[in-house]
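One structure is given here, and the rest of the page talks about it.
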Amino acid sequence: MMTYDINITSAKEKGLIRNFLRFDPNEKTTEYDDNYILNQMEACNYFNEWLNNKYCSYIDMLRKQHYIAALGEDGKRTYRIKGYFRSIETGANNWDLRDHYAGQTRFDLEEQKKDHPAADLLRIPPKDYNSFQNEDFWSLIYDPSTNKVGVPKAVSISSVIETNGLTYTHQFVFRTDKYIHIKHPKGDNYTKLAQQVSTLMNIISDQLTNKQTDNIFETLSAYYQLFIVWMPFAHINNSLVWGHINTILLNNGMSAVPHGMLDQYAMLLSSNSFRQKFVEHIKTHQI
C-alpha cells in the first residue's frame, strides 16, 4: 500500500513534489507553499487508507479528506496560493491565504447560505485550438477564415459526457471577451453527479481488488472528468481528485504524474476526446 512520509525535505529529495503540481518542477519552475504539499500528502494517505477499508461513505470520506487537504490532519496547517502577478520572492504576505471552507461541500454551503464560487472562467489559448476542433461547439465560436475565436454576442455551448450508462450535458456560455463561463451543477444535477462519481469509485475499487485493471485508464478518465464537472467543493477540487488518480496509479505499479491542464480539458471536452487526452498524458509522464 502506497504511503507518503510526511516530510517536505524527503519529498523534495525523492522527487515527489511533481505528484501534486500542475507541471513537473524539473521541466517548469513552479512556486508553491510547502504546507500545500504536506497537506496533500496527508490527504492522499487518508484516501489510500479509506480505499483499502471503506469504513465510511464516499461523500463522508471526501469531506474528511478535503478538511485534511485544506488544513492538515491537525487542523492548523494553512497554506497560501500565489495571487495574480505575484512572486514568492516578494514574500508570503503577497500570496493569498487559501479560502477553503474545509470539509464543506458546495451543497453544504448552499444549505447554510454561505457565499462561495459557483462558476469558472476559462479561455482557450490558440496553441490548443486543435484539441477542440472536433467538439460540436467549435463551429459556434471559431472562424476558420481568420483562424480566430470570438463571437459578436454571447452564445450557449455544451459538451456531452457519456459514462457508465449516464449521459450528462455540460453547459457553458462563451462570452464576447472570449472567456468560457462555466456554472457548476446545482440541485438535481449536483446529486446525480455525486451518485455517479461514487459509483465510478466503487468500480475502480473493484478493478483494483480483483486485479482486473485492463480498462483502468478508461474508468479513471471517466471518474476524473465527472469529478471535475461535478466540482463538489468551493476550492481544492483538482488537488483532491488528482491525489486519487495518482494514488491509484501508484497502487497499480505505475508512476504518479503532475496533472497539467487536464482539469480544463475535462470541463470543456466531450468524454471520448477527453479520454484520449487523459491516457496520453498518463503514459507520457511515466518514469
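Over the chain, with the other protein chains present, what is the accessible area per residue in square angstrom, probe 1.4 angstrom?
About 50 Å² of surface per residue is accessible.
Using each residue's phi in the range 101-112, evaluate 6.51 cos²θ - 1.76 cosθ + 1.60 at θ = phi - 60° and report the 3J(HN,Hα) Karplus result to the nearest Hz, with x for Gly and Pro.
6, 3, x, 10, 6, 4, 4, 4, 5, 5, 5, 8
With θ taken as phi - 60° and the coefficients 6.51, -1.76 and 1.60, list the Karplus ³J(HN,Hα) couplings across the range 164-176 in order, rounded to whole Hz; mark glycine and proline as x.
With the stated coefficients, the range 164-176 comes to 6, x, 9, 10, 10, 9, 8, 9, 8, 10, 8, 9, 5 Hz.
Can you give the Rg to Rh ratio of the range 199-286, both from alpha-carbon atoms, with Rh computed by the Kirkwood formula?
0.93
Where Rh is the Kirkwood radius over the Cα pairs of the range 240-287, the temperature 25 °C and the viscosity 0.890 mPa s, what D in µm²/s does Stokes-Einstein return?
It comes out at roughly 221 µm²/s.
Based on alpha-carbon positions alone, could you give the equivalent ellipsoid semi-axes of the range 140-201 from the gyration tensor, as √(5λ), descending, whole Å?
In descending order, the three semi-axes are 30, 13, 8 Å.
Divide the volume of the convex hull of the Cα atoms of the range 189-230 by its number of residues and quote the answer in cubic angstrom per residue.
In the range 189-230, the Cα convex hull volume per residue is 44 Å³.
What's the long-distance tail for the chain, i.e. % of Cα pairs beyond 23 Å?
Pairs farther apart than 23 Å: 56 percent.
Output ³J(HN,Hα) for the range 20-31: one whole-Hz value per residue in order, computed from phi by the Karplus curve 6.51 cos²θ - 1.76 cosθ + 1.60 with θ = phi - 60°, and x for Gly and Pro.
10, 10, 5, 10, 4, x, 6, 9, 8, 4, 10, 8
Loop only per DSSP, at most 13 neighbouring Cβ atoms within 10 Å: give me the trypsin sites (Lys or Arg not before Pro) in the range 13-47, ordered by residue number. The partial results should precede the final answer.
Details: sites: K14, R18, R22, K28; in loops: K14, R22, K28.
Qualifying residues, ordered by number: K14, K28.
Which is the longest stretch in the chain that no exposed loop site breaks, taking sites as chymotrypsin sites (Phe, Trp or Tyr not before Pro) with a DSSP loop state and at most 11 other Cβ atoms within 10 Å?
86-287
In the range 91-215, what percent of the accessible surface is made up of carbon and sulfur (1.4 Å probe, ligands and nucleic acids excluded)?
Here it works out to 44 percent.
Give me the lysines in straight-line cross-link reach of K192: C-alpha distance below 29 Å, same-chain residues under 8 apart excluded.
Result set, ordered by chain and number: K54, K64, K113, K114, K183, K211, K277.
The values are calculated or read from the model by the stated rules, or taken from the named source; none is laboratory data. Please read all numbers here as calculations on a predicted model, not as lab measurements. Positions of Cβ are backbone-derived with ideal geometry, glycine not excepted, and every protein chain shown enters the neighbour counts. Note: areas computed on protein heavy atoms with side chains; ligands, DNA, RNA excluded. Shrake-Rupley method; radii C 1.70, N 1.55, O 1.52, S 1.80 Å.
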